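See structure below.
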């Protein structure tokens with residue numbers, strides 16, 4: 001099949017949506033589809049770029065952006081460049097990854113409207129914690145968003161809880177279905193993994209947390225939990241606007257010996273951190289955490305995960321307490337500390353949870369299995 005993916009950004013831009021897009025497109029190209037990716041360039045005022053396809057990598061087109069407004073790329077050439085890409089690559093269908101306001105231009109492109117659309121709904125724009133500016137902007141955004149959804153032949157949500165609680169998707173139940181996200185195991189374990197030496201009795205619990213350093217990730221609560229765990233060490237990987245506040249919190253709580261902020265890491269270095277930790281903790285506090293791609297990475301490394309039970313998020317759908325990890329209420333440092341203490345005190349159960357997570361990943365979340373589900377969906381749409 002000839003598939004055109006329309007996304008917001010693409011690696012090396014860091015983001016779960018971007019890494020999933022790359023993994024899916026590469027998996028599709030690998031089995032013989034002709035895949036084209038059309039995205040914004042993540043650097044401002046960079047000219048249009050096109051990277052030709054190989055047997056295992058898709059064609060990549062980056063169109064220029066000239067800044068951002070409320071997280072939205074300003075890209076006046078998005079429409080003309082997209083029309084040119086459709087004409088040049090003659091796709092059979094469009095796979096549109098939202099949120100991405102630039103995708104509204106599809107409504108005005110006859111060449112795009114002539115093709116079937118699959119809309120991949122990665123997250124709602126509006127959340128309970130959205131700023132007043134976002135709320136006002138959404139009044140203008142929503143009519144175009146709903147027009148896209150009405151035009152789509154199929155809308156993909158990433159988990160049943162997210163589909164059930166999305167007000168944007170509620171008017172379109174008959175076109176919605178769930179296909180979870182997946183990852184390429186070769187990408188997250190890019191070199192041979194060697195087992196670590198056995199832990200000494202009573203050694204510290206090594207906790208890993210990964211994500212953008214922003215409010216909804218709940219890292220402030222995780223640091224508060226750490227004060228109740230004198231024999232634990234947290235490694236926090238990521239960048240973001242809360243970095244200064246988190247470093248100040250570490251100072252105020254005297255956690256210099258227990259918490260390390262590493263910033264952003266290359267894939268091989270992140271894989272090493274996964275192998276060196278005992279567990280991964282994702283303490284997000286709101287539904288902006290739509291799925292939690294990093295949970296799949298931990299499962300691929302056979303590491304148990306601790307998540308919060310945010311209503312509508314895919315986190316608690318992925319993680320079953322006592323099976324592949326533990327769940328606790330959002331914004332509750334005491335509950336986080338209790339869950340982490342359990343893993344510290346029960347190494348055998350910790351290892352068993354990690355192994356069950358690895359089995360679930362292999363059975364359901366490897367990108368090849370996700371790509372197969374999309375193959376069947378595409379074929380249904382093209383046959384129809």
inquiry  = Once you place label points 7 Å from the Cα toward the Cβ at residue 104 and residue 364, how far apart are they in nm?
reply    = 3.7 nm
Spin-label model distance (nm) - residue 133 vs residue 178, 7 Å beyond Cα toward Cβ = 3.5 nm
Folded to 0 to 90 degrees: helix 243-252 orientation relative to the chain principal axis, Cα = 10 degrees
query = Of the beta bridges DSSP finds with both residues in the chain, what % are antiparallel, to the nearest 5?
reply = 10 percent
inquiry  = Whole angstrom only: what separates the Cα centroid of the range 71-91 from the Cα centroid of the range 241-270?
reply    = 39 Å
ask   = When a footprinting reagent is the concern and you count Cβ atoms within 10 Å, what order do 117, 317 take, fewest first?
value = 317, 117
ask   = Between the helical axis of 16-30 and the dominant principal axis of the chain, each derived from Cα atoms, what acute angle in degrees is found, rounded to the nearest 10?
value = 60 degrees
query = Which order results if 346, 256 are arranged by neighbouring Cβ count within 10 Å, fewest first?
reply = 256, 346
task = Arrange 328, 281 by Cβ neighbour counts within 10 Å, fewest through most, would you?
result = 328, 281
query = Over all pairs of distinct alpha carbons, what does the Kirkwood formula give as the hydrodynamic radius of the range 245-300, in Å?
reply = 13.4 Å
inquiry  = How tilted is helix 267-276 with respect to the longest principal axis of the chain? Cα atoms for both, answer in degrees (0 to 90, nearest 10).
reply    = 30 degrees
ask   = If one computes the Cα centroid of the range 280-359 and of the range 1-35, what distance in Å separates the two points?
value = 27 Å
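The numbers here are math on the coordinates, done by the rules we state, and not lab data. In this text the structure is predicted, and so the values were computed from the model without any measurement. As a convention, Cβ positions derive from the backbone with ideal geometry for all residues, glycine included, and neighbour counts pool all protein chains shown.
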